[in-house]
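Participant: Let me give you the structure first, and then I'll get to my questions.
Taken together, the values in this text are just the output of simple stated rules run on the coordinates, not laboratory data. No experiment lies behind these values; they were computed from the predicted model shown. Reconstructed Cβ throughout: ideal geometry from the backbone, glycine too, with neighbour counts over all protein chains shown.
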Amino acid sequence: MAICSQREPRAKRPERNATRLLCALLLISSFCLARSLDVNATCNCASEDLQIAFVLDCSGSMNHTLATLQEQIKRLVEVLEGQARTFSAAVIAFRTKEYVGKQKKIDVLPFTSDKRALSDFLREQVAEGGGEELTDEGIAAALQKLDWAQGARKVVVLLGDEQPSEERMELCIRYVRAMKERGIVFHAVTGSQTAWIYWAPANATSWKQQLMDLGDEAKRVFRLPYYDELARLGGGISVSSWNSRELILWLLAFGLGMNEQDAKARIDVTQFVEWSRQRTEEEQRLQTSSGERPSGVPLIAWVKHGGDWQPPRYWESLFAHLEQKLALSGPPQAKTLALSDGELDRFPVLYVTGHGPIRWTTEEKARLQDHLRNGGFLIADACCGSPEFSDSLRGILKDLFADRPLARLPPTHPLFSCGHRIAQVRASTEPRSNRLEPVDPELFGLELPDPATGRLRLAVVLSPKSLGCCWFTRPLSPFCQYHDADGLALTANILVWSLTR
């Protein structure tokens, strides 16, 4: 793996060059790790609101499944909140008609974005009792007692192990149909290893015959027929969850709006479980430490604008992982700034992204012009491959630097061998497609005279396909435009080029 050679420091900007060199050392050290990061990244597009309500059977037979959900719900929420502009979850716990314990027969946690409140509510629930389950009342509570937002993506997940009675099933059907009319998608999970025991086929004359009629594989994939019917009526999916990994898979898929085929193809549950374990260890380590942490080296400023955008949410997760693996003394620093901010010159790299046109004021454009002419560097990243974003950047650059074209970098450009040797990348060739094919890397660059030497240098790089989706250690993204390892490699090369040239 070749690393770009470093030029002599620019005398006019010694502080900035020192920052560049420190950042370059950190990034160069990360290359071997970047090659091994083969996780499905999370898109930072966050283009819609998401509400998901869990309707949980908390009768005694659900003890094992409820414990699994209590363990993983915090991580599930961390993933799902990164997929939406706003995210909130609700829980309805239902028990049986005959239940007389300390818990409520129907217990409701309204929609909340507070992960602690959600985790505490689940921890308080105890799976106990038996008898006629109040499935219909649990579904009714989800429909009638929750504040569903207009325009949000709305999801209900029923998780249980026993069918409602025929009378209660009629009510369930009525409520699920009402949900569909309101745009709420209804999914059902047969969520216990013992669900097949509690279901009595019409031709089964005894529990013993029922046990004998079902083979081991049939028991493993068994779904409650009434759950199938409710999911069909509610426009959702009915699945079985024999173990905790299957349960995690389907809860993630439902929250992301994925169908069964895409979920099985795109979600790596093993990676999710490992990521969850690492996050738990990291939280425990931070709780027991002194709380002191080096401020880090200024690296990237996420540049604000008035259009549809937001800063990448989980860049910190990547560098926390690097720090753990490489024992770095401190992570590179990233900060959200406006072009008018006085701190801008401390950051050698500016990064702008968005789903639509970039909206800067005349004064902000003038500040960008000065910053780039004085040696600054800009990465423009079209989130989700937005053509409106790319077109707006081209227009801005044409106004600011009329004599300097924004041109595609040829495959032989040394940027593609600065760090990673990139001949081709795996990328989607159609919008919103997860089919990746090997293609030449597609980056556009604008060159400006170096303020110290007068020689042309690369000052702006535009990626018309989203790079930001590929940076994160989260295990999900339905439609990443690059294979995550290739997108990460491209980003690393751009950064090292900007810091060492």
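Participant: How much net charge surrounds SER61 when only the other residues with a Cβ under 9 Å from the Cβ of SER61 are counted, with Lys and Arg +1 and Asp and Glu -1?
Facilitator: Net charge around SER61: -3.
Participant: Taking every alpha carbon pair in segment 353-473, what does the distance histogram look like in 10 angstrom bins from 0, in percent?
Facilitator: Per 10 Å bin, starting at zero, the Cα-Cα P(r) for segment 353-473 comes out as 12, 40, 34, 12, 1 percent.
Participant: Assuming 0.36 nm per residue, please report the length gained on full extension of the stretch HIS413 to GLN261 beyond their Cα-Cα distance.
Facilitator: Value of the extension gain: 50.8 nm.
Participant: Using 0.36 nm times the number of residues separating THR336 and GLU388, minus their current alpha carbon distance, what extension gain do you get?
Facilitator: 16.5 nm
Participant: Next up: Among the GluC sites (Glu not before Pro) within segment 343-427, which fall in a DSSP loop and have no more than 15 other Cβ atoms within 10 Å of their own Cβ?
Facilitator: Those that pass, being in a loop and sparsely packed, are GLU343.
Participant: Are there trypsin sites (Lys or Arg not before Pro) in segment 110-152 that DSSP puts in a loop and that have at most 14 other Cβ atoms within 10 Å, and which ones?
Facilitator: For trypsin sites (Lys or Arg not before Pro) across segment 110-152 that sit outside H, G, I, E and B with at most 14 neighbouring Cβ atoms in 10 Å, the list reads LYS145.
Participant: Taking 45 Å as R0, compute the FRET efficiency from the Cβ-Cβ separation of ASP370 and ARG421 and round it to 0.05.
Facilitator: Approximately 0.80, to the nearest 0.05.
Participant: Quick one: check the C-alpha center-to-center distance for segment 378-393 versus segment 121-174, whole angstrom.
Facilitator: Taking the Cα centre of each part, segment 378-393 and segment 121-174 sit 43 Å apart.
Participant: Using the structure shown, select from LYS115/LYS154; LYS180/LYS304; LYS105/LYS180; LYS398/LYS465; LYS102/LYS145; LYS180/LYS465 the pairs with a Cα to Cα distance greater than 30 angstrom.
Facilitator: Violating the 30 Å Cα-Cα cut-off are LYS180/LYS304; LYS180/LYS465.
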